[in-house]
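K.L.:
Quick one: the structure is below, and I'll ask about it shortly.
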Amino acid sequence: MAEYAVEVSDALKRFKETVALDHVTVRFEAGKIHGIVGRNGSGKTVFFKCICGFMQLTSGSIMVDGRPVKPGTAQEIGIIIEEPGFIGSLSGYKNLKLLASIRRKISNREIREALERVGLDPNLKKQVSKYSMGMRHRLGIAQAIMEKPKLLILDEPMNGLDKQGVVEIRQLLKELNREGATIILSSHYAEDIDVLCDTVYEMEAGVLTRIA
Amino acid sequence: MNNLKAILLCALVNFRKWRVNPRIYTLAAATAGFLSWHSAGLSQLSAATGIAVTPWVFPNLLTTTAMIAVFACFIMLFFCDAPFADRHTPFLIIRTGRRNWVIGQLVYIVLAAFTYTVFFLIISVAVLIPNVKWDTDWGKILKTISANPGIGNNYGINLTVFVHPLIVGMFSPIEATIISFGLFWLTSAFIGILILCGNIITGRAGGLVMAGVFLCISFFTEYLGPLTLNGYWIRCLSPINWCAMCCLDWTGRGEWAPPSYAVFSLLVSIFLMSIVSIMVFCKKDINVQKRR
């Protein structure tokens, strides 16, 4: 495994007149939890989308696990970016089973374990269209962790969760980190950053600055 | 092999989303309603004469410009949100890669167009029940209408189905149905892929606008054809018309596009637009629609 899970070099992302990422250079050490704080519209989500290959940088480069990010190819990253979406007519378990069938790295048992870890019942037959927002977010987290990726990109993972849910997910993220996952997350809650993160960055108007 | 499985999965996922997509139900209801209205005259004529109509109505449904326009609008409704990216899409793309995902959307359009064509064919027969009777020939009703389009007036019936004498004279019902099925499917896929390609390139509903432009062209070629200099060449630029057998030149008179030209043009256009779609999609930012 590379020393740095993600290396961003002079990343610039421009949308016509707006600069969303302003020459960002940062290296996220593997095996740690990194937090990014910032106001709405500061560029956090754009940053995550560029790391995942969903957006192309205007200039600069991003390496994940020592390899350049190529938009055409699949990546071994677990993600939650913006509100998670699923096939509404299927149950949570069937949704995850469908996604797991792409890489075919995990068994049904591991899918069920992922659901249990986020506090969802794997036997629940309820369609996702009838899930509460909190349940959808938990399912989103289960989707991100089920294949045990080495890198997790989580954009505001605590959104929609109740107090107990936040505590449970924080605990889960710590466990995943102990198991070797590198986690890069953003949050509006200072407590998430304080409790979880080894390093903390602030994104302001596309400029990323380390603050802790 | 893994790529092929990923592509098929990306295509089939869209079918799974049909159950919670109100647009699919709207389209199905609108199609059934339209065919019920369109074929009402046939049923009434059959009841009035006491002669059952044969099930070979499909090749004769889209024989006027207005009906072709209705068909095009249905297909545009079907594929208007191509490339069908929603909040579920990032979870697929991170696992399959962009290339496989967008190829999956192209495969979906072809399969969905086929499914809709089958649906259209089945409903075109179903709406004639109980006045339909199986026969391998065109039957008296359809042959009479082809020879005398105003026959409905004798019974006070407004017939909207126009049976082209060329189709009835040159082809058996089964031949005409198979050819019409192929043309309907191919044109539907063309419209769908045009919308997908245009929407990907413009990042908005540019594809839908392009389809609308072709719809306008198809609406006016019937009238513009005779007015253009040096023949009916403008009809060779109107792919939407090629969904109907009566808008192709089967006899070599030169008033419509030849069938081989139409099929070849549709296939080449579909292929080229698919290549462009894949190339552009792999380089553009992914825009996800806020849809359940």
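Please treat every number below as a calculation from the coordinates, not as lab data. Note that the structure is a prediction, hence the values are computed from the model and not measured. Because the Cβ atoms are built from the backbone with ideal geometry, glycine has one as well, and the counts that use them run over all protein chains shown.
K.L.:
Using only the C-alpha atoms of region B:39-170, find the volume of their convex hull and express it per residue in Å³.
P.N.:
On the way: hull volume 18.6 nm³, N = 132.
For region B:39-170, the hull spanned by Cα atoms encloses 141 Å³ per residue.
K.L.:
Going by average Cβ density within 10 Å per residue, which order do the peptides B:185-191, A:10-16, B:108-114, A:60-66 take, highest to lowest? Working shown, then result.
P.N.:
Details: B:185-191: 25.1, A:10-16: 15.0, B:108-114: 21.0, A:60-66: 16.9.
Those peptides, ordered most packed to least, come out B:185-191, B:108-114, A:60-66, A:10-16.
K.L.:
Within the set of other residues whose C-beta is less than 15 Å from the C-beta of B:A257, count the net charge using Lys and Arg as +1 and Asp and Glu as -1.
P.N.:
On the way: positive: B:R235, B:R253; negative: B:E222, B:D249, B:E255.
In short, -1.
K.L.:
At 10 °C and 1.306 mPa s, grab the translational diffusion coefficient of region A:89-159 from Stokes-Einstein with a Kirkwood Rh over Cα pairs, rounded to a whole number in µm² per second. Let's see the in-between values first.
P.N.:
On the way: Rh = 12.2 Å.
It diffuses with D of about 130 µm²/s by this estimate.
K.L.:
Then there's this: Need one number: convex hull volume per residue for the protein assembly as shown, Cα atoms only, in Å³.
P.N.:
Values: hull volume 86.0 nm³, N = 504.
Looking at the protein assembly as shown, the number lands at 171 Å³ per residue.
K.L.:
Could you list, bin by bin from short to long, the percent of Cα-Cα pairs of region A:6-66 in 5 Å steps?
P.N.:
All Cα pairs considered, the percentages come to 4, 17, 30, 28, 15, 5, 1, 0.
K.L.:
Starting from the exponent 0.38 and prefactor 2.2 Å, build the expected Rg for region B:141-292 from its residue count and divide its actual Cα Rg by it. List each step's numbers first, then the result.
P.N.:
Details: Rg = 19.0 Å, N = 152, 2.2 N^0.38 = 14.8 Å.
Compared with the compact-globule rule of thumb, region B:141-292 sits at 1.28.
K.L.:
In addition: Between B:I122 and A:A212, what is the FRET efficiency for a Förster distance of 60 Å, r being their Cβ-Cβ separation, to the nearest 0.05?
P.N.:
Details: r = 65 Å, r/R0 = 1.09.
According to the calculation, E is roughly 0.40.
K.L.:
Give the Rg (one decimal place) followed by the Dmax (whole number) of chain B, computed from C-alpha coordinates and expressed in Å.
P.N.:
20.4, 65
K.L.:
Same structure, new question: Kirkwood-based Rg over Rh for chain A (C-alpha set), two decimals? Intermediate results must be reported in sequence, preceding the final value.
P.N.:
On the way: Rg = 16.8 Å, Rh = 17.5 Å.
So for chain A, dividing Rg by the Kirkwood Rh gives 0.96.
K.L.:
Sort B:Y116, A:Y131 so that the residue with the fewest other Cβ atoms within 10 Å of its own Cβ comes first and the one with the most comes last. Walk me through the intermediate numbers first.
P.N.:
Working: B:Y116 23, A:Y131 19.
With the sparsest Cβ surroundings first, the list reads A:Y131, B:Y116.
K.L.:
Running a GNM on chain B with Cα contacts under 10 Å, which residue among B:F78, B:F120, B:F271 ends up with the highest mean-square fluctuation?
P.N.:
Largest GNM mean-square fluctuation: B:F271.
K.L.:
Greater than 29 Å separation of Cα atoms is the criterion. Which listed pairs, A:K16/A:K49; A:K44/A:K148; A:K105/A:K125; A:K150/B:K284; A:K16/A:K148, meet it?
P.N.:
On the way: A:K16/A:K49 18 Å; A:K44/A:K148 24 Å; A:K105/A:K125 24 Å; A:K150/B:K284 26 Å; A:K16/A:K148 38 Å.
Beyond 29 Å: A:K16/A:K148.
K.L.:
Also, quick follow-up: What nm value, rounded to one decimal, do you get for the distance between A:R109 and A:N40 when each label is placed 7 Å out toward the C-beta?
P.N.:
4.5 nm
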